[in-house]
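To start, the structure under review is shown below, and the notes come after it.
No lab work stands behind these numbers, since they all come straight from the coordinates. Remember, it's a predicted structure, so these values are computed and weren't measured experimentally. Note: ideal-geometry Cβ built from the backbone for every residue, glycine included; neighbour counts use all protein chains shown.
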Amino acid sequence: MKRWVLKFIRNKFVLAFLLNFIYIMFIHNINLVYIIRSKMETERLGQEIELMKEKNVQVQQDLVEISTNKKTLEKYAREEFYMKRDHEDVYVIKSKLNQKQ
């Protein structure tokens, strides 16, 4: 059995194939590791695209709501930009749980 394996490996065609295989899979610029990382990155970016699409739909709905309803516009301005009326005082309380990142 060992003789057969040694004879098989010593064959110049098998040796050339193995060397090329190792070069292509691990040493070349576009190797197996690069392909796997690229696939994982593509999947991650695809998930991020889906998340952005969902956020985009929500923002479009908010825009329509703000454009058509004055009370919603006032609420948005007060919450996001801390706007106030002349006779009011605004106190901003930030906690670690509600901070935006």
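In plain terms, if you count all Cα to Cα distances in the chain and split them into 10 Å steps from zero, the share in each step is 11, 17, 18, 13, 11, 10, 9, 7, 4, 1 percent. Available extension along the chain between PHE17 and GLU41 is 5.6 nm, counting 0.36 nm per residue and deducting the alpha carbon span. Taken over segment 47-101, the convex hull of the Cα atoms encloses 96 Å³ per residue. A straight chain from LYS7 to THR68 at 0.36 nm per residue would run longer than the Cα-Cα distance by 13.7 nm. A DSSP coil position with no more than 10 other Cβ atoms inside 10 Å describes the following trypsin sites (Lys or Arg not before Pro) in the chain: ARG85, LYS94, LYS96, LYS100.
Screening the chain for whole DSSP H helices of 24 Å or more along their axis (Cα) with average Kyte-Doolittle hydropathy at least -0.5 returns 32-68.
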